[in-house]
1. Please report how far the C-alpha centroid of segment 132-168 lies from that of segment 108-123, rounded to the nearest whole angstrom.
2. Note the full-extension length gain between Ile3 and Leu174 as 0.36 nm times their separation in residues minus their Cα-Cα distance, in nm to one decimal.
3. Tell me the per residue accessible area of segment 141-190 using a 1.4 Å probe; a whole number in Å² is fine.
4. What base-10 log of the normalised intensity I(q)/I(0) is obtained for segment 99-164 from the Debye formula, alpha carbons as equal point scatterers, at q = 0.21 Å⁻¹?
5. Would you mind giving the average projected area, over all directions, of the Cα convex hull of segment 103-233 in nm² with one decimal?
6. Over the residues of the chain, compute the C-alpha Rg and express it relative to 2.2 N^0.38 Å.
7. Tell me, what is the FRET efficiency for Val218 and Arg55 to the nearest 0.05, using R0 = 35 angstrom and their Cβ-Cβ distance as r?
8. Run the quick spin-label model on Asp11 and Arg202: label points 7 Å from Cα toward the beta carbon, then report their separation in nm to one decimal.
Amino acid sequence: AAIERVERGSDGFRVSVEGTSQPFTRQFEADEVIAATGFRTPMRDLPKLGVATVRDGRIPALTPFWESVSVPGIYFAGNTTQGARGIGKRGLGASSSSVNGFRYNARVLANHLAQRLGMRVSRLRLPVSELVPFVLHELSYAPELWIQKGYLARVLTFADGVNDHGILPVSHFLDESGPDALAAAIEVDKSGTIFPIVYLRRSGEIQEHPLPAHPLHVYEDPSYTEEIESILR
C-alpha cells in the first residue's frame with residue numbers, strides 16, 4: 001500500500017492508504033507515526049568532479065566493481081554499492097542495499113583493488129575430477145551466492161588446468177573476454193523460485209544453462225552432477 005495522508009487526531013493519528021498491487025482503501029489508527037524518508041549518499045563535491053549519479057542524484061552510477069562509471073579510480077563501498085545493479089534480468093535484484101549483501105561486495109572489492117595495485121592473489125588449482133563437486137558445493141552453501149543472488153558468482157577458468165578465480169560479479173564475467181571459463185550463481189525469477197545457473201564461456205561466447213530448482217536448495221546429488229557434466233562436455 002501507499003500512504004495517501006496522515007491526519008492528527010485527539011488521541012493519535014489516522015493513516016489513510018491506497019492499495020498498489022491491488023485496489024483498496026483503508027484507514028489505520030496509530031499512536032505514533034515515523035516518517036522513513038530514505039537516504040542520500042553524502043556525495044559532497046563528487047558531482048562537481050564528474051561523478052555520475054542515478055535515482056535523482058542519490059546514488060553514484062557504478063561499474064560491476066563499484067567504480068564510478070564516469071570518473072575511473074573512485075570506488076564506493078557500503079549500501080552505496082546498489083548503484084551497480086547487475087544483470088537484473090529475472091526480477092529481483094541484489095541485496096547490495098543491506099549489510100548482509102554489501103559485506104560480500106566489500107570482500108570482492110578488496111581483492112579487486114589488491115590486484116589493481118599489483119599485489120599477487122593466490123589461486124586454488126583443482127584437479128579436473130573435483131570440478132563438478134566443487135561447483136555443486138558452492139551452489140548449495142556459498143553465502144556470497146545465496147545473499148547476492150544474480151550478482152555474484154563463483155568463477156573458474158580452464159586456460160591451464162582448472163583455476164579458481166573466487167567470487168566475481170556476474171556481469172563482469174559476462175562482459176569480460178578471456179579463456180574458457182565457468183561461472184556458477186544462484187538466481188531467483190519473478191515468481192520467487194530460486195534456482196542455480198551455470199554460465200559457460202567457450203571461445204569467447206557465453207552459454208547460459210539454468211538448472212532445475214530443488215525444494216531444499218541442495219544440489220549435491222547425481223542428477224545435478226550429470227547435468228553439469230553434460231554442459232561441460
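The values are calculated or read from the model by the stated rules, or taken from the named source; none is laboratory data. Computed from a prediction, not measured in an experiment: that's the story for all the values here. Cβ sites come from the backbone with ideal geometry, for glycine too, and all protein chains shown count toward neighbours. Heavy atoms of the whole protein, side chains included, go into the accessibility calculation; ligands, DNA and RNA do not. Shrake-Rupley method; radii C 1.70, N 1.55, O 1.52, S 1.80 Å.
1. 17 Å
2. 57.5 nm
3. Working: 1740 Å² over 50 residues.
Accessible area per residue, segment 141-190: 35 Å².
4. Values, matching the q order: -1.02.
5. 8.3 nm²
6. 1.26
7. For Val218 and Arg55, the calculated efficiency is 0.40.
8. Going from the Asp11 label point to the Arg202 one covers 7.1 nm.
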